[in-house]
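The values are calculated or read from the model by the stated rules, or taken from the named source; none is laboratory data. Quick caveat, the model's predicted, so the values are computed rather than measured. Counting neighbours? That spans all protein chains shown, and the Cβs are built from the backbone with ideal geometry, glycine included. We work out accessible area using only protein heavy atoms, side chains counted, and drop any ligands, DNA or RNA first. Shrake-Rupley method; radii C 1.70, N 1.55, O 1.52, S 1.80 Å.
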Amino acid sequence: MAEISDSPSTSKPVEENTQTHAPQIDSKTTRNTKPGVKRLIISVSVLLSFILGFPLLWKSIEIYRAPLPFDRIDSFSSQVESTPLSFPCRFQAVFIGFDFKASHREVGAAITRKMSDLGRGGCGGNYSVAVEMGDVSAFDFGGKLRSDDEESDELVRSVVNEYGGGHAYTVVVVNEEGEVKSVVGKYRHAWIVGRVEEEEAVLRVAEIFVKVFVNGGDEEGSVRSEFMPVGADGRIVLSFSLLNADPRDWIYDWNFREIDETFLQPVIEALQPIANISVESQVLYHTPKSSFSYWDDKHESHIFTTKDLPFFVNSNEWHLDTSVAAGGRSKVLQLVVYVPSAKECPLQLKLPNGDISKTNGFISPMWGGVVVWNPQSCIKDLESKDPVRITISRQDLQMLFQVLMGQLRQLLGLKSDNLYVGESGTSIILGSERGFTEWELDVLSRKHICFNLLSCATTLGSLSRLVQSLPRMIIMDEIGKQVKFSLEAAKYAQSNASIGIYDASAVSSRQSRSLAEDAFFHPSIMSISYYSFEHCFAIYSPFFLPVIMHVLLAALREWKRYKQENRKYLAAKAKEKVS
C-alpha cells in the first residue's frame, strides 16, 4: 500500500521539470505559422479596381475633338494679313490722230509712271500697259464719237475688239479739233475726243485707268473696306416697302411683280457672283415719320433738312423687320418709298447748300435707303369718306426704281451720279440697263474678294485660338470639314484671282467666308462643357478622393502588416534551425 501511494508524488516533479525547460515563444518578434495573404489580396484588389477604373472614368468624360489644321490656318491668316491680294490687270491705250516721236514702249512707260504716281489700287504691281496707234481718220471717227453716247459706246467697243482688247481696260484717245470730251462706257473701255496734247493725253489715260477702272471712282481705292452690306452667309435680302403715312388721306399700292420681272432681275443676275440676292416687298399703313417739317413759301412745299435725317425713320411705327427670308446671318437692306400725308404734301429734302434734293431721298449705311414720293396732286378728296386705292403708274415706278438703284449702288460702295471729276478733267459715266457696268462689277468683285478672304482669315484665326485655349471644347467632325472646305475655297479664290477670273474667285471667296462663319458659330461648340481640367478635378475629387485615400491607406497598411508578420515567421524558422 505504501508503494502504491508514493507513485503519484514521484511523477509530478518530473512533469514540472519538463515544463520548466520548454522554449518560450515571443509573439512580438516571432510566429510559428505563415501569415495569410487573404486580407492583402482583398485590399490590393480593391485598389487595383479603382486604378483600372480611372481610365474608364476619364474616357467617359472625354470631349470629342476633331483634328483641325492649325498650321494651315495660321499660314493662311498670316499670308492674307501681310500680303495684299494683287489682281492682274491689262490696260490698253489706243491713240488716233497723234504723231508721237517716242516709241510705243516709251509711251507705255510714261503711262505706267503716271499710274504709279496716282496709285495702282487693287492691281498692285501686277499689271501691264499696251499702246496702239490707230490708223483710222481722226476727223471722221471723232465726229461719230460726238454724237449719241450709247451709239458711240458700241462703236468704240467694235474698235477695241479689233485691237484685241476685249478683256483689257482700254481708253481710245482721238485727237481732233473741238472741245475735249471724256466718256466712260458701260463695258471695259472709255474714249476721249478733242484737241489734247500728248502729255495731257497720257495723264488723262492714266487717271481713267487708276481712278475709274481700278478704284471705281473712289479716291481712297481701298479694297479692304468693311463697308460691305453682304451677310456672313453671302446673301442679301432686298426688302422693298411702300409706306402710306396716313391712309385716311390716300392709299397707294404698286405692282411689284412688274418691278421684279422688269427692273430687278437684270440687277440680281449681274450681282450673282458677289451675293445671293433675294427680293421681298410689303405695303404698310399708318407709318408717320418721327422728324418734323416746316412750310417754305419759296419752294411751296414742306421742308425737312439733313439734320432731321437721323430722326426720320420711325422705328416704333415702321415695322420693316418682318422678313422671313433673312434667316441665319443674311443681310437685309431696307429700300423704302415713303408717301407723306396730305398735311405734309409735298415734302422735300433740303440740302446743306440750300438746294432741293433731286432724288428726294437719303441712305443709311448698312441699313438701306428712303425715298420720299409725293403724289402729283397733294389735295385730299374731301367728298370721299373712304379713300380710293391708287396704283402707282409705271412711269413713276421707273423713276423710283432709278433712285433706289442709285441708293443700292451707294450702299455697295459705288458712285450714284454719272460724273467723275478728276485732276485732268471731268468724265461722263454711262449707265447700264443692268444697273452696273462691266468695269463696275470688276471693282465690286475685287473689293468683295479681298474683304471675304480677310474676313475668312480672321474668323478661322479666332476659331483656332479659341479651340487651342479651351481643351474641353467639343469639336465635331462637321466643324473640321467646314474648316477644311473653307481653306480649299479660299485657295481656289486666290488662284482664280491671280489669273483674273473674277466671277469664279468672288463665288469661292464668298463660300470660304460662309463656311468659316458656319464653323465658328456651330451649335455644338456652344455647349456648357467648356471647363478646364482643374475644374473637372474640382468637381469629381469630393466624390472619389476620400474613398481612394482610404483604400490606398488600407492597402499600404495591410502590405506593411504582411511584411512584418512574414519577418516574424522567418525569424522563428531561423531559431528552429539553430536549436
Of W559, G413, P288, which is farthest towards the positive pole of the chain's charge dipole, taken about the Cα centre with +1 and -1 on the beta-carbons of Lys, Arg and Asp, Glu respectively? W559
Once phi is turned into θ = phi - 60°, what whole-Hz ³J(HN,Hα) does the Karplus curve with 6.51, -1.76 and 1.60 give for every residue of the range 151-160, x standing for Gly and Pro? 5, 5, 4, 5, 5, 5, 4, 5, 5, 5
The range 49-194, accessible surface, carbon-and-sulfur percent (1.4 angstrom probe): 52
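Which order do peptides 93-101, 368-376 fall in by mean Cβ count within 10 Å, highest first? Each step should come with its number before you reach the end.
On the way: 93-101: 18.2, 368-376: 19.8.
So the order, starting with the most tightly packed, is 368-376, 93-101.
Within the range 394-516, what whole-number % of the accessible surface is contributed by carbon and sulfur, with the 1.4 Å probe and all protein chains included in the calculation?
Values: 2550 of 4810 Å².
Heavy-atom surface of the range 394-516 belonging to carbon and sulfur, 1.4 Å probe: 53 percent.
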How far is it, in nm, from the label point at K101 to the one at D296 when both lie 7 Å from their Cα along the line to the Cβ? 5.7
How do 401-408, 536-543, 37-44 rank on mean C-beta neighbours within 10 Å, highest first? 401-408, 37-44, 536-543
Inter-centroid distance (Cα atoms) of the range 104-120 relative to the range 147-217, Å: 16
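Could you rank the peptides 415-426, 492-503 by their average count of other C-beta atoms within 10 Å per residue, with the highest value first? Mind showing how you got there, number by number?
Values: 415-426: 14.2, 492-503: 17.5.
Most protected by this proxy first, the peptides run 492-503, 415-426.
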At 7 Å along Cα-to-Cβ for each site, give me the label-to-label distance between R465 and K577 in nm. 7.4
Taking 7 Å along the Cα-to-C-beta vector as the label spot, tell me the K484-E150 distance in nanometres, rounded to one decimal. 5.4
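Nearest-5 percent of antiparallel DSSP beta bridges in the chain? Mind dumping the intermediate values first?
Working: 15 of 68 bridges.
Expressed as a percentage, antiparallel bridges in the chain total about 20.
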Projected onto the charge dipole of the range 376-531 (unit charges on the beta-carbon of Lys, Arg, Asp and Glu, signs +1, +1, -1, -1), the Cα from F436, A504, L397 with the largest positive-side position is that of A504
Only residues of the range 47-86 count here: report those whose backbone N is under 20 Å from the spot 7 Å along Cα→Cβ of I548, or say none. 47-63
Subtracting the Cα-Cα distance from 0.36 nm times the residue separation, let me have the gained length for S524 to L570 in nm, one decimal. 10.1 nm
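Suppose every Lys and Arg Cβ carries +1 and every Asp and Glu Cβ carries -1, with no other charges. What dipole size does the chain come out with about its Cα centre, to the nearest 20 debye?
Numbers: 61 positive and 71 negative charges, 996 e Å.
Charge dipole, the chain, about its Cα centre: 4780 debye, nearest 20.
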Mind listing the long-range amide H neighbours of G368? Cut-off is under 5 Å, sequence gap 5 or more, other chains count too, H placed in the peptide plane at 1.01 Å from N. Q334
Using r as the Cβ-Cβ distance of V44 and D477, and R0 as 45 Å, what FRET efficiency do you calculate, to the nearest 0.05? 0.60
Place +1 on the Cβ of every Lys and Arg and -1 on the Cβ of every Asp and Glu in the chain, take the dipole about the Cα centre, and give the residue among I539, A342, L463 whose Cα lies farthest towards its positive end. I539
What's the FRET efficiency of L56 with S278 using the Cβ-Cβ distance as r and R₀ = 51 Å, to the nearest 0.05? 0.45
Which cross-chain or sequence-distant (5 or more) residues have an amide H under 5 Å from the amide H of A190, H modelled 1.01 Å from N in plane? T170, V171, V172, G185
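Please give the per residue volume of the convex hull enclosing the alpha carbon atoms of the chain, rounded to a whole number of Å³. Let's see the in-between values first.
Numbers: hull volume 168.8 nm³, N = 579.
With only Cα atoms used, the chain gives 292 Å³ per residue.
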All Cα pairs of the range 255-351, percent lying beyond 15 Å: 71
Could you do me a favour and compute the accessible area per residue for the chain, 1.4 Å probe, result in Å²? 54
Gyration tensor verdict on the range 27-67 (Cα atoms; rounded if a/c is under 1.5, prolate if a/b is larger than b/c, oblate otherwise): prolate
Beyond 18 Å, what percent of the Cα pairs of the range 112-205 remain? 47
11 Å cut-off, amide nitrogen to a point 7 angstrom out along N418 Cα→Cβ, residues in the range 346-374: none
Report, in degrees rounded to the nearest 10, the 0 to 90 angle that the Cα long axis of helix 533-578 makes with the longest principal axis of the chain. 20
Taking 41 Å as R0, compute the FRET efficiency from the Cβ-Cβ separation of S137 and D117 and round it to 0.05. 0.75
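So in the range 294-379, what percent of DSSP beta bridges are antiparallel if you round to the nearest 5? Can you show the working numbers first?
Numbers: 8 of 17 bridges.
Looking only at bridges with both residues in the range 294-379, the antiparallel portion is about 45 percent.
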Can you list, by residue number, the Cys in the chain that have no neighbouring cysteine C-beta under 4.7 Å? C450, C456, C536
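On a 32 Å Cα-Cα criterion, which of the cross-link pairs K114/K447; K114/K331; K144/K350; K144/K447; K186/K298 come out too long? Show your work: numbers first, answer last.
Working: K114/K447 23 Å; K114/K331 40 Å; K144/K350 40 Å; K144/K447 36 Å; K186/K298 40 Å.
Table pairs above 32 Å Cα-Cα are K114/K331; K144/K350; K144/K447; K186/K298.
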Remind me, relative contact order of the chain in percent, using alpha carbon pairs under 8 angstrom and six or more residues apart? 20
Please list, ordered by chain and number, the residues whose modelled amide H lies under 5 Å from the amide H of Y252; skip anything fewer than 5 residues away on the same chain. I390
